[in-house]
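Below you'll find the structure, written out as structure tokens, and then a few comments.
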Amino acid sequence: MSLALSTVPERKSTAPWVAFLLLLAGALFLAQVVSGRQALLFLVGGALGLTLYHAAFGFTSAWRVFIRERRGAGLRAQMVMLALAVLLFFPALAAGTLFGEPVKGLVSPAGTSVVVGAFIFGIGMQLGGGCASGTLFTVGGGNSRMLVTLLFFIVGSVVATHHIGWWFALPSLPPTSIVQSLGLFPALALSLALFAAIAAVSVVLERRRHGVLELIASNGEKGIGRFFRGPWPLVWGAVALALLNFATLALAGRPWGVTSAFALWGAKAFESLGIAVDQWAFWQVEANAKALAAPVWQDVTSVMDFGIMIGALLAAGLAGRFAPSLKIPARSLIAAVIGGLLLGYGARLAYGCNIGAYFSGIASGSLHGWLWLVAAFFGNAVGVRLRPIFFPAERVEARLTGC
């Protein structure tokens, strides 16, 4: 039976319509009170959520199955995504404009805070059960446990803003773009060679462990039905994510990010509790102060994050798999709390998450994106070893999931 078929027909018929109406209402609202561009970014977020859900495009599980089992299909899909992204991004970033509008990459310092932040973020990925994008789309898809991870992700994010000045003062290299430092074509050649090398290493290690590469079974519908109801092949997800990130660059003038919104939401919540976060140095920076004072619908990252959750709800409803459950084992709940805090705190230290630092950072040619990848991978290795404490059933072979 196809995964797109539901044993709960009423869920299948209701959730997609709710999601569609939310997307429509949200887009109309944003077009009226902010701009048509903001409405389009919200819809791009919806498309990202649908893509992440239907392709089960998880960063966390892809790294876990490679670390534990040396199965590299998910890791190779990430390399395809990054390769297409740099082919799209680097020419635009080198020119400084896209379709006549100015654009810039997410280029940040590469130093101590990135190493520490990405490392603890990697541990948080495995304990929390998802990355930044994974947390959002699994929440939208009806995963109740991930609501806990998201809540503490937000708490960890805003707490980190209180300490961020100390971390950012630690030794680091200045923001470095290989596009600017090396030039367009050398930067492209170097990046593509590194992606190919990572994919090749994953193939060698997988064949050494298992003899052959894993074949991902095609158990979904065919034709147009598969597009709407899923599941999608990983490569579909890789291509769609690269194209949608490029659309974000064109509309927002910068690539896709996720976690800055979590810090903003947390800061607003802390303010409502009487905590004067506006007195913290981080929130006195002009751009951050302006975001804190403005409604969340004026923040691009927040709008896209809301879109991701609603897009995932739409996908889950179309697939007939929107079935939230509040039955969460105590150990799993504790892991969600710890993991969420590590995710939030680590993302702020590292100038981003698996999207803003890893995907968009590398797509921007930022050296800190590569540093993030290495440090986060080691953090994931530690997190994988810690998981059996909280998930005893995972002493069996790991499999790819959407987280």
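The values are calculated or read from the model by the stated rules, or taken from the named source; none is laboratory data. Only a predicted model underlies this, so the values are computations on that prediction, with no experimental measurement involved. Ideal geometry is used to build each Cβ from the backbone, glycine not excepted, and the neighbour counts take in all protein chains shown. Heads up: the accessible areas ignore ligands, DNA and RNA and are worked out on the full protein's heavy atoms, side chains in. Shrake-Rupley method; radii C 1.70, N 1.55, O 1.52, S 1.80 Å.
Per residue, the accessible area of region 152-255 comes to 52 Å², computed with a 1.4 Å probe over protein heavy atoms only. For G320, no residue 5 or more places off, or on another chain, has a built amide H under 5 Å of its own. If you count Lys pairs in the chain whose Cα atoms are under 22 Å apart, skipping same-chain pairs closer than 8 places in sequence, the total is 4. Peptides 335-344, 28-37, ordered by how many other C-beta atoms sit within 10 Å of their residues on average, highest first, read 335-344, 28-37. Computed over protein heavy atoms with a 1.4 Å probe, the accessible surface of region 24-64 works out to 32 Å² per residue. From largest to smallest, the equivalent ellipsoid semi-axes obtained for region 153-312 from the alpha-carbon gyration tensor read 37, 24, 17 Å.
Within the chain, the selection of entire DSSP H helices by a Cα span of 24 Å or greater along the long axis and an average Kyte-Doolittle value of at least 1.6 returns 73-95, 234-252, 300-319.
Checking the a/c ratio against 1.5 first, then a/b against b/c, what shape does the Cα gyration tensor give for region 317-386? Oblate, because a/c is 1.5 or more while a/b does not exceed b/c. Between the beta carbons of Q279 and A94, assuming R0 = 45 Å, the FRET efficiency works out to 0.65 to the nearest 0.05. For G111, enumerate residues with amide H under 5 Å from its amide H, sequence gap 5+ or separate chain, H modeled in the peptide plane. So G111 has HN proximity to L173.
When only alpha carbons are used to place a centre, region 359-394 and region 17-78 end up 20 Å from one another. Peptides 112-118, 290-296 ranked from most to least packed give 112-118, 290-296, packing being the mean of other C-beta atoms within 10 angstrom over each peptide's residues. Share of carbon and sulfur in the accessible area of region 61-117 stands at 63%, probe radius 1.4 Å. When each of the peptides 271-280, 352-361, 175-184 is scored by the mean number of other C-beta atoms lying within 10 Å of its residues, the order from highest to lowest reads 352-361, 175-184, 271-280.
Between R207 and A169, the simple spin-label model (points 7 angstrom out along Cα→Cβ) gives 5.3 nm.
A crude spin-label estimate for the pair L326 and L215, with each label 7 Å from Cα along the Cβ direction, gives 4.5 nm.
Quick check: at a probe of 1.4 Å, how many percent of the accessible area of region 275-403 sits on carbon and sulfur atoms?
Of the solvent-accessible surface of region 275-403, carbon and sulfur hold 69 percent.
Of the chymotrypsin sites (Phe, Trp or Tyr not before Pro) found in region 169-278, none is in coil by DSSP with at most 10 other Cβ atoms within 10 Å of its Cβ. Cα centroid separation, region 284-343 to region 186-255: 24 Å. What you get for region 269-382, charging only the Cβ of Lys and Arg (+1) and of Asp and Glu (-1), is a dipole of about 480 debye around the Cα centre. Rounded to the nearest 20 debye, the dipole magnitude of region 1-145 is 380 debye, with +1 charges on Lys and Arg beta carbons, -1 on Asp and Glu beta carbons, and the Cα centre as origin.
Positive-end ranking of A56, L184, G105 along the dipole of the chain, with charges on Cβ about the Cα centre, is headed by A56. Over the chain, Cα pairs under 8 Å with separation of 6+ residues give a relative contact order of 42 percent.
A simple spin-label model places the labels of E286 and F228 4.9 nm from each other, with each point 7 Å out along Cα-to-Cβ.
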